[in-house]
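Data first, discussion second: the structure below is written as structure tokens.
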Amino acid sequence: MPDYDVIVVGGGGVNGLTCASYLGKAGLKVLALERRGQCGTHCDTLEPGIPGFLHNLHATWIVAGNSSAMADLELEKHGLELRTTNYAYAKTFLDKKNALLGYFTDDTIANWAKLSKKDAETFEKMVNAVFKDIPSAIEAFHEMSERPPSYASTKKASDALLSNALGSVGVHLGFSEIWQMNGFELLNLLFESEHVKTMLASLAWIAGFPPIHRAVGSFAGAVSALFGGPLVAITQVKGGSHGLAHALVKSCVANGVEIRTCCPVKKILVEDGKAVGVELEDYALFPSEKITAKAVVSNCTAVPTFIHMIGENHLPEEIAERIKTFVYDEQVLFGAHYAIKEPPVWTSADFDPGVQRAFMGYMGGETMEEMEGYAASLVSGRIHDKVIANWFVPTLADPTQAPDGCHTMFVWFDVPPCPGSWKNRRLEGNLEVWHKIKYEMMDEITEGIEQFAPGFKKSIIERFPYTCADVFRNNPSAIKGCWDGGSAIPDQFFANRPVPGVIKPLSGSRTFIDNLYLSNSIHLHGNSSLSSGYICASEVAEDFGVRNKDWWKSRAGEWYVENLYRIPKDLGVKDQWKG
Amino acid sequence: MSVWLQEGKVYDAIVIGAGINGLTCAAYLAKAGLKVVVLESRHEAGGALVTEEFSGFKFNLHATYHMMAEYMPLYHDFNLKSYGLRYVFPEVQTAFLYKKEKPLVFYRDPKKTIECFKAVLGEGEAKKFERMYEEFKQMTEKVLIPLTYVPPVPPVDMVQLLQDSKDPMVRKFNEISEMRPIDILEEYGLSSRAKAAVLSLMTLWGVSPFEALGYLLPLYVVRMTDAGLCLGGSHRLSSALCKALIKEGGEIYEKAEVVKVSMSGGRVDGVHLEDGTLVKGNCIISTLDPKQSFLDFFEGGQIDNVLQENAKNWKWEERTFFTVHLGLKQAPEYTSAQKNPDVNRALSCILGIEEIDELLENIERIEGGALPEKIEARATCTTVFDRLQGPIGYHTGRFETTVPFDMDWESLKDGFADKCLETWRAYAPNIVDPVHTYAYPPTYIEKKFKTMVRGSFKHGSYEPLQMGYFRPNDLCSQVRTPIDGYFVCGSSVYPGGMILAGPGYIGANVVCEELGVKKAWEEPAIIKEARKSGIIE
């Protein structure tokens, strides 16, 4: 008899924990193995400087509120508390204007109307078309995010949501036509304001779907336009993102899952084409231990799973070649983290003070052309000259992440992991570059923020950089510091993920190796939506014949729609901005 | 607050603080079948068991190696190994380094230590150390460890019990227990250099060699040469305890800061959280310091004046820590290793001072509020023993020294960190170009933990009037307090701080007795033994 029903490798990540907890609750004997000491992997909240300032080094905008796990796994009972601000997203411009996505649709419409009456009307019509029938919208959303990704199911969901929405504004495009566009093209077609368009493009981009790509990009452009404000639960976790990991760990333990951290896996054991267990590294907490199971789930990314842990000898040559060229490095993040006395006051605050009530936003990239130029820099392995970047002030939503009255902030600048040049300097094109230039880069970013929010520099108490080399050291499954399980380029997207031939037809997580499943970044991408873990749990449970449980019934988005009004908002926003 | 906590539940016990003692106490109570919740103000449970994983480096900001490791009853009672808790006990424990002379190395195996004493200080010195160590070991095992896990008795009774013992070593323990550590070493006749090395095993933990706390010396000498390194970082202990607690049906909430204890009819009935939530409970167990437990949580009129006075007069430690945490490309290679290669395999290296006079001057200077002239430090590199504590191909370094609290650390910290590294480099020249440097001054300790006022990492100074039966005072040192339904069992309560889990274990036992709940565990053999020999009644 194998030791366990299911082993989840890399099981400390939030998708691994989600998968493990569902399966534990369904009655299976589950072991989650994690290399790091702490669970959470990219839901990591640390005090790396002055204590009391909590810094989220990876995931910060948490969308787990959309997950069925909220209800099915009772994550609130296990301590998860979500918080947000009244504006989900804000892009601030050098011309002192801003484009906002309100938590509630009316706020978005009011802001957009100042930029373009036509765009505001377009948005209103599209949103009304989607939300006229909430149960169907939820069903479509569930289908899209918590079912195996396939062209057919996405088309079905898209027809229900997207085509109706576009039709309502006189754009009659079928799914296949949309799918062939890139994000910039679709946004150009729908809207006229550069502010609105670049704001939506930036949101798609930071969600991991660069709009430069066909399929991926258009899909993301459309989704960010439709759901960025009103439906996607953009929240913070009280006490930092790591709180999501805490809640999932507690739910796992309560559901009988064994979690062993400090247990890096050396090998996933495959016999006769079937996954049968794992062998731990010789420096693991339980050195070189072999553990058997009826099924193995890998929550690690493609290369560590197939090349390092399974080994090429168990792979068809074609698949091995595809995995070896799996792309991780289209864009990674350079983080500049700050402890500050005051939140930044954006120059666009007079245009619409709502910008001061957004815990997340973007700066730079004034036109679509400039955004495209930024994308071109990344593709060619350059660090873009101008700072165009994603900013966060998490403490506007959750003041518990800093001492009384103070705030934390950070900026993510998209960069290639192994840059060959920056400005007019040649760089070595490897990860070592970051140790040499990280402080200079941080200075550059600090100056960048100052342009959009004069006075920012004076409010800094301390600051530190966090590079893709740090991400990689922290989590070797995040090759070169990649944060989304591998680039979301068309060849690695949806049913093609990670590469064609790995996932069985009509599945989301079952692989060509029997009893081996994947839970990392299967669908859309990993992220805190927990979708990948959910989809994997569903399929493993089906294969074990334990999927039909009366507690396992929620739908993606359902918990959120029912509870969004009681999620506390603007807890850290100063009264002067609340209006 | 969590909707869950607002649903009007009434817990059997509310434990305030999720440090080692809060978690230990709660886990035992849950095991006994009580409905327990632990409320923690920080975002992370564990208290001083904090391991920050930054860029793959595991920085143990407080506790690193644990002196009681496998002796802690909870280790066995909850089978913590199954939750991922494991210790390694490095063979080479502590190396006391000299710039020129051969290093004095303390091994886990005392025979090897004695060999080393012989080689470095000569036959006579080795004999003296051998005698002392053998006696200390007996005192530790027969008396000190068992007493760590039972409530204290009044000093008069304790002295009587020890005096009446048939065992001469127990009687000898009684004789030294109120001596000053420095005088005990004098009595064993050790030389200046040997005294400096032996004493530093204790004084680098902030314990004063001038206080009448002789009984602590054997404990530190014996246990600090037999310390366990918690694999994967100290936080693994609290993490294992949290899981054990949840497995037993307990609950724990982070970012749940208690601001007041609620009372009705002269008895406690719940706690108010910072966000306004009232959590109801039939008994409340605080593991915080006396100031929070007795002053902040109650209105002045609610509790006894004696308790208030005692809490107001509570003394914090005179010396605190300054630590530098490093991400390194190489493990330290000491020049001393040319004379004894074991130095590079030592769990900790003590460096910076050589003679007893230097050590004592240093302590007096720091206790007087000045920075030390020479930095005396304990340097460690956990990755030498545990590859889990750093990224593959890197090492995690830690350099820890004692300093006064009242300094302008904000402007001093970077320069002082440089000075620390310079000191380290004088012994290990390859400590260069770290990938990451984190200077952790004492002000950060206070900012991180509200219980560690003035960087007091043991929740209050170790001095005779705050130790034993008087910790935190004679009304509360046995866990019960004069407040109906209110208990205390943190590091400010007998037997005190460090990773002993003594207060929490005693706390759970006393609360069970008070509530008439059957204990779901057996007393450890070492306590049973001490009962048989009459040391524990």
Quick one: residue B:252 ticks every box in (1) more than 24 Å from residue A:238 (Cα to Cα); (2) open to solvent by less than 50 Å² (accessible area, probe 1.4 Å) except a single one, so which number is it? (1)
For segment A:133-147, pairs from a residue that is in contact (Cβ under 8 Å) with a residue 60 or more places away in the chain to a residue that is acidic (Asp, Glu), with Cβ under 9 Å and 6 or more apart or across chains, are A:138/A:558; A:141/A:558; A:142/A:558
Answer from B:130, B:115 - the residue that is in a helix (DSSP H, G or I), farther than 22 Å from residue B:338 by Cα and either open to solvent by 10 Å² or more (accessible area, probe 1.4 Å) or touching a Gly at 6+ places or on another chain (Cβ under 9 Å) (or both): B:130
If you go through segment A:449-464 one residue at a time, how many are open to solvent by less than 10 Å² (accessible area, probe 1.4 Å) and under 27 Å from the mean Cα position of the chain (by Cα)? 3
So residue B:352, is it crowded, with 20+ Cβ neighbours inside 10 Å and more than 24 Å from the chain's Cα centre (by Cα): no
Name the helices (runs of 4 or more DSSP H) wholly inside segment B:425-533 in which the number of residues that are more than 21 Å from residue B:143 (Cα to Cα) and open to solvent by 10 Å² or more (accessible area, probe 1.4 Å) is 2 or more. B:442-448, B:502-515
Taking segment B:140-164 and keeping only residues that are over 26 Å from residue B:490 (Cα atoms) and open to solvent by less than 10 Å² (accessible area, probe 1.4 Å), one is left with B:162
Test: residue in segment B:237-248 that is β-branched (Val, Ile, Thr), over 15 Å from the mean Cα position of the chain (by Cα) and surrounded by 23 or more Cβ atoms within 10 Å (Cβ to Cβ): no
In segment A:557-579, what count of residues is obtained for those that are in contact (Cβ under 8 Å) with a residue 60 or more places away in the chain, outside any loop (DSSP other than H, G, I, E, B), open to solvent by 50 Å² or more (accessible area, probe 1.4 Å) and out of contact with any Ser or Thr (no Cβ under 9 Å at 6 or more places or on another chain)? 2
Please work out which one of (1) touching an Asp or Glu at 6+ places or on another chain (Cβ under 8 Å); (2) under 30 Å from residue B:442 (Cα atoms); (3) buried (at least 24 other Cβ atoms within 10 Å of the Cβ) is the condition residue A:40 fails and give its number. (1)
Please tell me if residue A:185 is in contact with a Lys or Arg (Cβ under 8 Å, 6 or more places away or on another chain), open to solvent by 70 Å² or more (accessible area, probe 1.4 Å) and outside any loop (DSSP other than H, G, I, E, B). no
Every residue in segment B:27-49 that is in a loop (DSSP other than H, G, I, E, B) and open to solvent by 10 Å² or more (accessible area, probe 1.4 Å), please. B:32, B:33, B:34, B:35, B:40, B:41, B:42, B:43, B:44, B:47, B:48
Which of the numbered conditions does residue B:375 fail, given that it passes all the others? Conditions: (1) touching a residue at least 60 places away in the same chain (Cβ under 8 Å); (2) in contact with a Cys (Cβ under 9 Å, 6 or more places away or on another chain). (1)
Which number in (1) of a type outside the set (Ser, Thr, Tyr); (2) in contact with a Phe, Trp or Tyr (Cβ under 9 Å, 6 or more places away or on another chain); (3) surrounded by 23 or more Cβ atoms within 10 Å (Cβ to Cβ); (4) under 26 Å from residue B:189 (Cβ atoms) marks the one condition that residue B:364 misses? (3)
Listed residues A:509, A:554, A:519, A:528; which is open to solvent by less than 10 Å² (accessible area, probe 1.4 Å) and closer than 20 Å to residue A:219 by Cβ? A:528
Quick one: in segment A:520-547, which of the residues that are in contact with a Phe, Trp or Tyr (Cβ under 9 Å, 6 or more places away or on another chain) and among the small types (Gly, Ala, Ser) is modelled with the lowest pLDDT? A:526
Go through the residues of segment A:287-297 one by one and say whether even a single one is out of contact with any Ser or Thr (no Cβ under 7 Å at 6 or more places or on another chain), polar (S, T, N, Q) and in a strand (DSSP E or B). yes
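The values are calculated or read from the model by the stated rules, or taken from the named source; none is laboratory data. Nothing here was measured: the structure is a model prediction, and the numbers come from that model. No Cβ is skipped: glycine too gets one built from the backbone with ideal geometry, and neighbour counts run over all protein chains shown. These accessible areas exclude ligands, DNA and RNA; they are computed on the full protein's heavy atoms, side chains included. Shrake-Rupley method; radii C 1.70, N 1.55, O 1.52, S 1.80 Å.
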